[in-house]
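Let me begin by presenting the structure, written as structure tokens, before commenting on it.
The values are calculated or read from the model by the stated rules, or taken from the named source; none is laboratory data. Keep in mind that this is a model prediction, so the values were computed, not measured. Cβ atoms come from the backbone with ideal geometry, glycine included; neighbour counts cover every protein chain shown.
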Amino acid sequence: MTPEEQNALNYHRNNLKSGNFMVQPDGEYTTFYGSIGNVDGRETLIPTYWNGKILPFEEALSMAQKSRIKFPSYKTVDEALKREKFIHSIMENDVAEYRKGKK
């Protein structure tokens, strides 16, 4: 895992641990809600979930840039999607563990 991918996980984990997540109608938690977009010629995974809201990509990108958190970027969309899927699986495990502790 790259340092930037770890940054994405830390963003999610900080939201989860602080209770800063959105509960979806199906009961799922939103702590990151990733989106991939081209930033400076690289396919970049950023959270669109900021301050309790899911933002459009451009607003989320602005928030990410202001945060100074370096989120992961990749050469291709395919690579970004594969890595996002892997990172998302870790996030899902984190949420499952968090929920176990809340029961």
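How many of the residues in region 1-48 are touching a Gly at 6+ places or on another chain (Cβ under 8 Å) and acidic (Asp, Glu)? Talk me through it step by step, then tell me what you get.
Of the residues in region 1-48, the ones touching a Gly at 6+ places or on another chain (Cβ under 8 Å) are 8, 20, 22, 43-48.
In the following step, the residues that additionally are acidic (Asp, Glu) were identified as 43.
Of the residues in that region, 1 qualify.
List every residue pair whose Cβ atoms sit under 7 Å apart, with the two residues 6 or more apart in sequence or on different chains, where the first one lies in region 85-103 and is among the hydroxyl-bearing types (Ser, Thr, Tyr) and the second, anywhere, is assigned to a helix (DSSP H, G or I).
Pairs that qualify, where the first residue is among the hydroxyl-bearing types (Ser, Thr, Tyr) and the partner is assigned to a helix (DSSP H, G or I), are Tyr98/Leu16.
Residues of region 9-51 being over 22 Å from Glu79 (Cα atoms), part of a helix (DSSP H, G or I) and within 12 Å of the chain's Cα centre (by Cα), which ones?
Arg13, Asn14, Asn15, Leu16
Would you check which residues across region 69-84 are surrounded by fewer than 16 Cβ atoms within 10 Å (Cβ to Cβ), touching a residue at least 24 places away in the same chain (Cβ under 8 Å) and in a helix (DSSP H, G or I) and list them? Before you say what the answer is, go through the steps one by one.
First pass over region 69-84, keeping only residues surrounded by fewer than 16 Cβ atoms within 10 Å (Cβ to Cβ): 69-70, 75-79, 81-82.
Then keep just the ones that are touching a residue at least 24 places away in the same chain (Cβ under 8 Å); that gives 69-70, 75-77, 79, 81.
Once the filter is applied, which keeps residues that are surrounded by fewer than 16 Cβ atoms within 10 Å (Cβ to Cβ), touching a residue at least 24 places away in the same chain (Cβ under 8 Å) and in a helix (DSSP H, G or I), region 69-84 yields Val77, Glu79, Leu81.
If Lys66 passes every condition in (1) under 19 Å from His88 (Cα atoms); (2) assigned to a helix (DSSP H, G or I) but one, which one does it miss?
Condition not satisfied by Lys66: (1).
Go through the residues of region 8-15 one by one and say whether even a single one is of a type in the set (D, E, K, R), surrounded by fewer than 16 Cβ atoms within 10 Å (Cβ to Cβ) and modelled with pLDDT of 95 or more.
In the first step, residues of region 8-15 are kept if they are of a type in the set (D, E, K, R); the result is 13.
Among the residues that remain, those that are also surrounded by fewer than 16 Cβ atoms within 10 Å (Cβ to Cβ) are: none.
No, region 8-15 contains no residue that is of a type in the set (D, E, K, R), surrounded by fewer than 16 Cβ atoms within 10 Å (Cβ to Cβ) and modelled with pLDDT of 95 or more.
Name the residue that is surrounded by the fewest Cβ atoms within 10 Å (Cβ to Cβ), counting only residues in region 41-51 that are at pLDDT 95 or above and not β-branched (Val, Ile, Thr). Step through it out loud before you land on a result.
Pass one, region 41-51, residues at pLDDT 95 or above: 41-50.
Those left that are additionally not β-branched (Val, Ile, Thr): 41-43, 45, 47, 49-50.
Numbers: Gly41: 8, Arg42: 13, Glu43: 20, Leu45: 24, Pro47: 23, Tyr49: 23, Trp50: 20.
Residue satisfying both the conditions and the ranking: Gly41.
For region 52-103, give me the residue count where each residue is of a type in the set (S, T, N, Q), more than 17 Å from Pro3 (Cβ to Cβ) and under 13 Å from the mean Cα position of the chain (by Cα).
So the first thing to find is which residues in region 52-103 are of a type in the set (S, T, N, Q), and the list is 62, 65, 67, 73, 76, 89, 93.
Among the residues that remain, those that are also more than 17 Å from Pro3 (Cβ to Cβ) are: 62, 65, 76, 89, 93.
Still in the list and also under 13 Å from the mean Cα position of the chain (by Cα): 89.
Count: 1.
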